[in-house]
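Engineer: Have a look at the structure that comes next, please.
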Amino acid sequence: MLQADELEAFSAITCPPGGWKPAAIRQEVDRLIADSLVPIQRVSLGTSFEGRPIELLSVGTGPRRVLMWSQMHGDEPTHTSVLLNLLALVARGDQPANELLAGLTLGLILPLNPDGAERNTRHNGQGIDVNRDALTFSTPEGRALRHAVETFAPRYGFNLHNQHHRTAIGTPPAPAAVSLLAPPLDPQNTQTPSVEEAARVAACFCNATYERCEGRVSRYDVEYMARAFGEWVQRQGVATILVEAGGWPGGDFLGLEQIHFAALVQTLHTIGTGAIDTVDPQAYHGLARSSEHHLFDLQLSVAGVAQQASDVLTTCDVGIDYPHRRAGWYEFRDGVIRALGDLHVNGGLSEVNAKDCVLLPGRIALVADTQGSAKPTWDQLTATGVTSFLVQVDLSANGFEQRLLDLLSQSPPLNASLVGHWAIPPVGKGAFLEQLHTAVAVGIAAVVGPLPNEELASDCRRLGLPVLNPQLVPLATDPPPASIAAWISQTTEVARELGWTSRGRIGLGTPADFVLAATPPRGPLGDCLRAVYVGGTVVRDEQGPTPHAPGRWITRGEASVAPRFSREHRLMA
């Protein structure tokens, strides 16, 4: 049989950005079947809640029957890539394919939950977790899997999932690339021949991956779950294992697909030849449990964090997560600070040692809308530690509505917000309110004062628009504050003026918009900047601006820009 490094080269089909959708999966399956040199049967198992087909693909005629299913949770796509590559391998009809299929009949369901795959959500179209439906069979997807088990009659089952990519193992903590479980039959974990055989299968998978991922293999951290399908299939006398694809240093999900593909093929080969009967299950039983602590997507070790307008620095690590980052979603943006303090037990998928630097909140500055674009001042802005800028649009100019729309259609390189001002004061309150309502409808977040009278200022506040004091908000051309205390005072005051409760400071749940400055500062603070981050992405380092442009438009009244990512997912297969 092919070796692991050779098998990894066969892992050519990879998850598209945004995850595997049913149409893309069907297109790949249609292509592979059309080109296949061996017979591949397609059997309908029914349809999803929203009417999408669920099929069992069967290939081979060997005596040992193996059933595998992917995307029971629609947002867990790694093993769909694995099964597509497996189908591509056996469809070749060459010596490796024939050697693999010699003792096997393979059954593949991909995806089991097409409605969830379409939405990239865990649940099906009914809002039900299919993997908690093994007692009542309320979902058509659960009934389809039951039908496959009853009619295909497998001896082995592979329940294929993605766990949280920040699940950790070991000391120092590292991402668990693989987590395995031979689901127990009952709360007492009664040992039967099929359960013992499942442990040998899990041990085989462990042996196939352990060195390839530098030991980052763990025992999945759950106990008996009566409602879960792994347990139900196990109770049918099918030797079943749960395989969870986890994370990879730096977030390389392609590497994860390759490792799992090679391991699955090697495990199937061991099953098909009968050598599985001689595998020592201790490799599985001896696995360490996943850590109770999650890794962060990015962890920084700094000399201190400036959180108040004084020279007092908070000594701590900073843990940052990207809420949209997971298998199939290659997004290192919208990062949020999730933890501060001693985080050495956590670690990060990516780590930055900046113990010679202090962390400062990113600055907010005004930019005049005179050049027709927000982008030309990127270099100038980041050089002074600006992470969010306010584009002033003249609301007294003809066609200002279109100008606002044109700006919003662009992708800002840094965080940006539209603010209105009047180069020519409006004549009468009626004109003022007309312009103001139009600007609010289009998307301005504030207005720049001073306004002619308090009545007009009250009208702005009634619409939820802050009125900015131009004396307090720095211009992009202004030099940065000279001291840490002055820097903090300025950023917090500007954020307060704008009503941005989660910006202009460093704290839990705040956007990861910050600056690293050498400490202790030698000379003006602006000359000590080492790096500027927007949403946890470096937009400037010591060589100058980077090619990354992770900015976003900040809307009126915005308090927090990124949803909190549930840690509950770690405990759910």
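Coordinate-derived values only; no laboratory data. No experiment lies behind these values; they were computed from the predicted model shown. Methodologically, a virtual Cβ is constructed for each residue, glycine included, from the backbone with ideal geometry; neighbour enumeration extends over all protein chains shown.
Engineer: Evaluate the distance, in nm, between pseudo-label points positioned 7 Å from the Cα of ALA288 and of ALA441 along their respective Cα→Cβ axes.
Structural biologist: Roughly 6.2 nm, to one decimal.
Engineer: Still on this structure, please answer the following. Extending each Cα 7 Å along its Cβ direction at ALA24 and GLN471, get the distance between those two points in nm, one decimal.
Structural biologist: Label-label distance for ALA24 and GLN471, simple model: 5.6 nm.
Engineer: Here's something else I'd like to know. What's the magnitude of the charge dipole for segment 289-373 around its Cα centre, counting Lys and Arg as +1 and Asp and Glu as -1 at the beta-carbon? Answer in Debye, nearest 20.
Structural biologist: Once rounded to the nearest 20, the dipole reads 160 debye.
Engineer: For LEU433 and HIS344 in the same chain, what is the full-extension length gain: residue separation times 0.36 nm, less their Cα-Cα distance, in nm?
Structural biologist: 26.6 nm
Engineer: Given the DSSP H assignment, sum -39500 (n - 2.57) over each helix run of at least 4 residues in the chain and divide by its residue total; what's the result at 222 nm in deg cm²/dmol, nearest 500?
Structural biologist: Calculated mean residue ellipticity at 222 nm is -8500 deg cm²/dmol.
Engineer: Dipole of the chain, Cα-centred, from +1 at each Lys and Arg C-beta and -1 at each Asp and Glu C-beta, to the nearest 20 debye?
Structural biologist: That gives the chain a dipole magnitude of about 640 debye.
Engineer: List every residue whose amide H lies under 5 Å from the amide H of GLY499, counting only residues 5 or more places away in sequence or on a different chain, with H placed 1.01 Å from N in the peptide plane.
Structural biologist: none
Engineer: Can you give the angle from 0 to 90° between the axis of helix 484-498 and the longest principal axis of the chain, with both taken from C-alpha atoms, to the nearest 10?
Structural biologist: 90 degrees
Engineer: Once you charge only the Cβ atoms, +1 for Lys and Arg and -1 for Asp and Glu, what is the size of the charge dipole of segment 4-285 about its Cα centre, to the nearest 20 debye?
Structural biologist: It comes to approximately 520 debye.
Engineer: Along the Cα→Cβ direction, 7 angstrom out, place labels at ARG155 and GLU211. What is the inter-label distance in nm?
Structural biologist: Taking the simple label geometry, ARG155 and GLU211 are separated by 2.8 nm.
Engineer: So how far, in whole Å, is the C-alpha centre of segment 138-176 from the one of segment 503-534?
Structural biologist: Spelled out, the Cα-based centre of one part sits 43 Å from the other.
Engineer: Using 0.36 nm per residue, how much length does the chain from VAL43 to ASP280 gain when fully extended, once their Cα-Cα distance is taken away?
Structural biologist: That pair, VAL43 and ASP280, stretches by 81.7 nm at full extension.
Engineer: Check GLY348: other-chain or 5+ apart residues with amide H under 5 Å from its amide H, H built from backbone geometry?
Structural biologist: PHE296
Engineer: So what's the gap between the Cα centers of segment 401-477 and segment 229-308, to the nearest angstrom?
Structural biologist: 53 Å
Engineer: The chain: Rg/Rh from Cα coordinates, Kirkwood Rh? Please report the intermediate quantities before stating the final value.
Structural biologist: Working: Rg = 28.3 Å, Rh = 26.3 Å.
A ratio of 1.07.
Engineer: Another question about this same structure. Can you give the convex hull volume of the alpha carbon atoms of segment 147-191 per residue, in Å³?
Structural biologist: In segment 147-191, the Cα hull volume divided by residue count equals 137 Å³.
Engineer: Read phi for every residue in segment 246-254 and hand back ³J(HN,Hα) as whole Hz from Karplus 6.51 cos²θ - 1.76 cosθ + 1.60, θ = phi - 60°, with x for Gly and Pro.
Structural biologist: Whole-Hz 3J(HN,Hα) from phi for segment 246-254: x, x, 8, x, x, x, 7, 6, 5.
Engineer: Report the FRET efficiency, 1/(1 + (r/R0)^6), for GLN95 and ARG143, where r is their Cβ-Cβ distance and R0 is 30 Å, rounded to 0.05.
Structural biologist: Working from the Cβ atoms, E equals 0.15.
Engineer: Could you list the residues of segment 471-513 with an amide nitrogen less than 15 Å from a label point located 7 Å from the Cα of THR546 in the Cα-to-C-beta direction?
Structural biologist: 512-513
Engineer: Order of 202-212, 81-91 by packing, highest average Cβ count within 10 Å first?
Structural biologist: Peptide ranking by packing, descending: 81-91, 202-212.
Engineer: Under a 5 Å amide H to amide H cut-off, with H placed in plane at 1.01 Å, what residues pair with SER218 once short-range neighbours are removed?
Structural biologist: VAL178, SER179, LEU180
Engineer: Tell me, what is the FRET efficiency for ASP356 and THR171 to the nearest 0.05, using R0 = 35 angstrom and their Cβ-Cβ distance as r? Kindly include the intermediate steps, with their values, before the conclusion.
Structural biologist: Details: r = 26 Å, r/R0 = 0.73.
With R0 = 35 Å, the Cβ-Cβ based efficiency is 0.85.
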